[in-house]
Amino acid sequence: MGFGRSGTRIGYVGWRADDSFVTTVLHVNVTIMLQVIAMTHDCHLLVMILQSQALIVLGSLQPGISMKSKSLTRSALAGAFALCFAGSLHAGAAVTPFQLSLTPIGTYASGVFDQSAAEIVAHDPESQRLFVVNAQSGQIDVLDARVPTALAKLFSIDLSSFGATVNSVDVRNGLLVAAVEAPVKTDAGKAVFADIDGNVLAAVEVGALPDMVTFTPDGKRVLVANEGEPNIDYSIDPEGSVSIIDLPGDVRTLTQAHVRTAGFTQFNDAELDASIRISGPNATVAQDLEPEYITMSKDSRTAWVALQENNAIGILDIEAGEFTALKGLGFKDHMLSGNELDVSDRDGKIQIANWPVYGVYMPDAISSYEYRGRNYIVTANEGDAREYLDPEDEDIVFFADVSRYRGLSGDTPICTDSPRFTEFFAGNPLGVTTASQLRDNTNMGRLNVLTTEGLRADGRCYEAIYAFGARSFSIYNDAIEQVYDSGADFERITAEAYPEFFNSNHRENSFETRSDDKGPEPEGVTVAKLWGSTYAFVGLERIGGVMIYDITNPYSPSFVQYFNNRDFSAEPGTQAAGDLGAEGLIVIEASKSPIPGVPLLVVANEVSGTTTVFRIDRERLVGRR
């Protein structure tokens, strides 16, 4: 389990020589905590140890000991606390004698801040190269990862002759494919194929705004998620689709005839699940659906496609080339115990509580794995608004489905007879008893909510309020029935790890600046099987870092570790700040790793423009056999 920068982990700390006192004492104290967790899982006993041991460590600090060490001590102690209580949220999870640990071993810094200079990453095991989408340059940066402790840029692949910018990349058996957006985003984009040296071999036309590209597990096809976003005034709204490219034996013979398009026109007049959002002005279902991300079954027959803005997943028959179903993801009730959240950036405190709001899952990245012969889909529940403004005058709004709750309820009030609100006002422990109090900025007034959901049929008032994302990750079976959600874990764990920077943004070191807008904002997710267990790695875009869960049994996942390679004592935009804005994640399995036998995690960070490699190790917990 890890918290903080520089590889801080419970059970091991390595810092400068002048901090050796803290290193030694902290190691002893944390070892005691791990023994408590391992042998008793008694969180109340752990609280007693936290109180006594924190006084010993922090009270013994000498003037020569750095403030960094003081922060480290607090973070590690809080981390042990978070481990105990986070683990207790998942009854029935298997207890194992091991835990994973992450250690950052190498970073490539583009030197470009807050311009998406590192978004998506792919790995070629034969050459040990990393291919990183650099949206700032519109190119693919190729990194030499043969020595992952010394990542170096070899060259960039310029595909500007095929379009405006590269949005996604994948590589398999020495063949690279890139999704390239057209200069006019509503026009058809391209899938461009090249060798690992960047020599273009073929290119074909796909749908509008190709946002994600991936090879099928068997390597016989490439799938492209064409998001099909509208132009700013919605006068043009392309249909979303998935392009299926059937690869010939020699990719140089690839033609447009090898491309099939799976669209959604068959759902235009269908009765859809109530949680599927169709909200664009005058849009058909096919136009409104926006494919964001793709994951597939191991047999390469079925794809599940995230439709983020629509709060849905489409099920695609790859061989037939058609979508067979659209599944709504439902809503997360934040009034239920375990689903708490912090909704205000103006109350000056951490207040993770139940509020009368539903979370709309709206996952960005998704991944999948098998358990007992059935497929399960893992979602990073980010949330995303549709907001189209005049680029020359942002006061001119062509379309927006987002508003502060205070503004929304000021224009159209909540329904005073709604059972949901009357229940909340009558029974909450926050002292909020009226609609006026709820609208206060220190309560729910600042929360960004959807304008398109929850209206009573006559449009006079809102019966329910809906917010973007769920501040969690979820697991669904292959029929898209939810079997697990991480609830309030992410905010609780990050609050314990970084109480002074809870819900910080990624462009600044701040306190609570994201509580009103999707919180830690889980965006990326990848799944890997390591040492016989299956793990989910979830990237948090705002406060940063990676959450790791053991999801071997999808019905009883357990929290493993949170690691954040960010230094809050350094100014964002400087190299010392570390990684900011985790976006794309991949796990390099041990058999394909540049370090023989050692799996690696690679994270591309869009705000810091850094690509970081982490070593994944397995450690035996103290007291476990």
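The values are calculated or read from the model by the stated rules, or taken from the named source; none is laboratory data. Keep in mind that this is a model prediction, so the values were computed, not measured. Please note: Cβ atoms are built from the backbone with ideal geometry, for glycine as well, and neighbour counts cover all protein chains shown. Ligands, DNA and RNA are excluded from the accessible area calculation, which covers all protein heavy atoms including side chains. Shrake-Rupley method; radii C 1.70, N 1.55, O 1.52, S 1.80 Å.
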Subject >> the stretch 380-404, residues that are open to solvent by 20 Å² or more (accessible area, probe 1.4 Å) and under 30 Å from ILE551 (Cα atoms) >> reply: ASP384, ALA385
Original post:
Looking only at the stretch 220-250, which residues are open to solvent by 30 Å² or more (accessible area, probe 1.4 Å), under 29 Å from the mean Cα position of the chain (by Cα) and of a type in the set (S, T, N, Q)?
Top reply: ASN231
Original post:
What do you reckon, is GLU508 open to solvent by 60 Å² or more (accessible area, probe 1.4 Å), farther than 13 Å from PRO356 by Cα, touching a residue at least 60 places away in the same chain (Cβ under 8 Å) and not in a loop (DSSP other than H, G, I, E, B)?
Top reply: no
**OP:** Kindly check whether there is at least one residue in the stretch 467-477 that is surrounded by 24 or more Cβ atoms within 10 Å (Cβ to Cβ), in a loop (DSSP other than H, G, I, E, B) and in contact with a helix residue (DSSP H, G or I) (Cβ under 9 Å, 6 or more places away or on another chain).
**Re:** yes
Original post:
Going by the conditions given, is ASP273 over 26 Å from the mean Cα position of the chain (by Cα) and assigned to a loop (DSSP other than H, G, I, E, B)?
Top reply: no
Subject >> Residue tally, condition out of contact with any Ser or Thr (no Cβ under 7 Å at 6 or more places or on another chain) and closer than 17 Å to ASP485 by Cβ, over the stretch 536-550 >> reply: 5
Original post:
Between a first residue in the stretch 284-310 that is in contact (Cβ under 8 Å) with a residue 60 or more places away in the chain and at positive phi and a second residue that is among the acidic types (Asp, Glu) and assigned to a loop (DSSP other than H, G, I, E, B), which pairs have beta carbons less than 7 Å apart while being 6 or more apart in sequence or on different chains?
Top reply: SER300/ASP218
Original post:
Is one or more of the residues making up the stretch 427-441 open to solvent by 50 Å² or more (accessible area, probe 1.4 Å), among the charged types (D, E, K, R) and more than 28 Å from GLU481 (Cα to Cα)?
Top reply: yes
Subject >> Filtered residues of the stretch 251-292 (kept if of a type outside the set (Lys, Arg), open to solvent by 60 Å² or more (accessible area, probe 1.4 Å) and out of contact with any helix residue (DSSP H, G or I) (no Cβ under 7 Å at 6 or more places or on another chain)) >> reply: THR253, THR255, GLN256, ALA257, THR261, GLN266, ASP269, GLU271, ASP273, ALA274, ASN282
Subject >> Extreme residue, most open to solvent (accessible area, probe 1.4 Å), among residues of the stretch 112-138 that are hydrophobic (A, V, I, L, M, F, W, C) and within 21 Å of ALA576 (Cα to Cα) >> reply: PHE113
Original post:
Filter the stretch 329-366 for residues that are touching a residue at least 60 places away in the same chain (Cβ under 8 Å) and in a strand (DSSP E or B); which is farthest from the chain's Cα centre (by Cα)?
Top reply: ALA353
